[in-house]
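Before I ask anything, here is the structure I am working with.
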């Protein structure tokens, strides 16, 4: 089924050139479609098709694809062009391991340095997440829920004091979200109480209980990985 064309957001007025601004808009739109599963693993990303879909020129598209290639979401196949990166169980295991390792460093630092304003940010992000349904009426994952889930996780780590670690953590979260779409199925989600996992996390953070918060957060991340692997295997077996 042909995909509906997307309209890129109007370029913001910045000191950057128009081409750079359009490239950033194309980058965000293509990235969202890869993470959301609209552009599927191993799909060839033809410049002409992307130009038509996103309503922009070839140069912004190429710049966006180069940026996504640097992040590993897109692969450049020599002279053949660009392709959406595969969803690989080994890669997922490595991403989960790295995220959990970073949590061991970042969460205690956030709990040590975070002030009342940071606590309020975590509580507000949790409130917005709790009020957002995880699924749309058609049974597909709700993009608003996924966005608020990301905001909640990044809010917990925000006070760690290192913009470098936060940047790495954000990129790893984006990678995980590709797999999370596999784990976000009614039959799989029914096997866990995600809302309770989030509630317990906030409780541990507000209590400044670093060890419990780390254990809960890493268990939460690993369980999502486990369900994504199980779902991916079902797709392959089917």
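The values are calculated or read from the model by the stated rules, or taken from the named source; none is laboratory data. Everything quoted here is computed from the prediction, not taken from an experiment. Cβ atoms come from the backbone with ideal geometry, glycine included; neighbour counts cover every protein chain shown.
From (1) surrounded by 14 or more Cβ atoms within 10 Å (Cβ to Cβ); (2) farther than 27 Å from residue 225 by Cα; (3) at pLDDT 80 or above, pick out the condition that doesn't hold for residue 52.
Exception for residue 52: condition (1).
Right, next: With respect to residue 80, is the statement that it is outside any strand (DSSP E or B), loosely packed, with under 14 Cβ neighbours inside 10 Å, over 16 Å from the mean Cα position of the chain (by Cα) and modelled with pLDDT under 95 true? Let's see the steps before the verdict.
Values: outside any strand (DSSP E or B): yes; loosely packed, with under 14 Cβ neighbours inside 10 Å: yes; over 16 Å from the mean Cα position of the chain (by Cα): yes; modelled with pLDDT under 95: yes.
Spelling it out, residue 80 is indeed outside any strand (DSSP E or B), loosely packed, with under 14 Cβ neighbours inside 10 Å, over 16 Å from the mean Cα position of the chain (by Cα) and modelled with pLDDT under 95.
Are there any helices (runs of 4 or more DSSP H) wholly within segment 90-197 with 3 or more residues that are in the same structural domain as residue 218 (by TED's automatic domain parsing), within 26 Å of residue 38 (Cα to Cα) and touching a helix residue (DSSP H, G or I) at 6+ places or on another chain (Cβ under 8 Å), and if so which?
Ranges flagged: 116-130, 143-157, 163-183.
Further, regarding this structure: Here are the criteria: (1) buried (at least 16 other Cβ atoms within 10 Å of the Cβ); (2) more than 30 Å from residue 42 (Cα to Cα). Tell me which single one residue 85 does not satisfy.
(2)
Name every residue in segment 113-142 that is farther than 17 Å from residue 200 by Cα and surrounded by 13 or more Cβ atoms within 10 Å (Cβ to Cβ), in order of residue number. Give the steps one after another, and end with the answer.
Within segment 113-142, the first condition is being farther than 17 Å from residue 200 by Cα, and the residues that meet it are 113-118, 132-142.
Within segment 113-142, 114, 118, 132, 134, 135, 140, 141, 142 qualify.
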